[in-house]
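To start, the structure under review is shown below, and the notes come after it.
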Amino acid sequence: MATKTRASGRGIKIEAAWILREPNGKQIVRNLLAAERGDTVAQSNLDSALIENPRLWKIIDTVENELAGGLIKSCFPESWLLQKAMSHRMETMREELLGDSPSPVDRLLVERICVCWLGLQSAQLKSLGNAGGERSIATLDFYDRQLGAANKRYLAAIRALASIRRLQLPSFGQLNIGAHQLNVAAQLQEPSAQICAETTTRQRVTTKSPEPGEKSRKRCEKGDPTPR
């Protein structure tokens with residue numbers, strides 16, 4: 001696993017390892033840090049660099065990552081190892097939920113699920129930490145309501161992702177299996193077409209007009225010989 005090199009300004013964390021492999025990478029990192037300190041020349045240079053190479057936006061952590069980092073630290077403020085373990089668990093969850101070819105909406109909802117999961121863990125740990133000892137009913141109720149709200153947000157995020165994926169129905173066309181080609185769309189339409197044809201034939205048979213002379217034969221059978 002590649003090690004990430006971080007350079008920190010006043011309000012950002014920069015993934016600087018791959019930037020240094022870019023053309024003028026060192027200068028870009030210097031401009032980033034100087035721009036955060038308010039250097040207007042560095043800000044102008046950085047703005048031009050970002051327009052020329054939009055890939056550089058990846059150097060700045062997203063809001064979700066900053067929020068996730070804060071939640072992880074709040075769960076285990078004194079244990080670096082537990083922070084890394086929870087971070088690894090969240091990354092594994094993100095990869096599993098994203099799958100092979102996620103859509104932009106999938107990415108947004110998966111990020112939301114991961115953040116809500118961290119919030120739920122944080123609320124559970126706080127509730128557990130305040131469960132023992134002498135605590136007022138109001139304090140216990142406060143943490144219990146926090147835990148319930150975090151759980152609702154987590155489940156709502158999961159339901160949103162499940163709903164979106166149910167709407168993403170596959171479009172079938174031609175399916176290649178070995179040397180054979182299977183027209184899936186046509187085969188899906190064949191049963192409907194066959195049912196329509198059978199219904200039409202049945203209606204024709206039902207509404208078929210009487211044969212010539214059939215009316216006269218029926219009148220004779222009833223004892224009415226008068227032709228009409």
Of the numbered conditions (1) within 30 Å of Ile72 (Cβ to Cβ); (2) modelled with pLDDT of 90 or more; (3) out of contact with any helix residue (DSSP H, G or I) (no Cβ under 8 Å at 6 or more places or on another chain), Gly129 satisfies every one except a single condition; which is it? (2)
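With free of Cβ contacts under 8 Å to residues at least 60 places away in the same chain, under 15 Å from the mean Cα position of the chain (by Cα), in the same structural domain as Ser127 (by TED's automatic domain parsing) and surrounded by 13 or more Cβ atoms within 10 Å (Cβ to Cβ) as the only criterion, which of Arg89, Arg112 stands out?
Numbers: Arg89 fails: under 15 Å from the mean Cα position of the chain (by Cα).
Arg112 is the lone residue from the list that is free of Cβ contacts under 8 Å to residues at least 60 places away in the same chain, under 15 Å from the mean Cα position of the chain (by Cα), in the same structural domain as Ser127 (by TED's automatic domain parsing) and surrounded by 13 or more Cβ atoms within 10 Å (Cβ to Cβ).
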Take the conditions in the same structural domain as Leu147 (by TED's automatic domain parsing), crowded, with 17+ Cβ neighbours inside 10 Å and hydrophobic (A, V, I, L, M, F, W, C) and apply them to Leu82. Does it pass? no
Being at pLDDT below 90, out of contact with any helix residue (DSSP H, G or I) (no Cβ under 6 Å at 6 or more places or on another chain) and among the acidic types (Asp, Glu): is that true of Glu96 here? no
Checked the stretch 87-136 for anything among the hydrophobic types (A, V, I, L, M, F, W, C) and either farther than 18 Å from Asn151 by Cα or not in a helix (DSSP H, G or I) (or both); matches are Leu97, Leu98, Val105, Leu108, Ala131
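The values are calculated or read from the model by the stated rules, or taken from the named source; none is laboratory data. Just so you know, these numbers come straight off a predicted model, no measurement behind them. Positions of Cβ are backbone-derived with ideal geometry, glycine not excepted, and every protein chain shown enters the neighbour counts.
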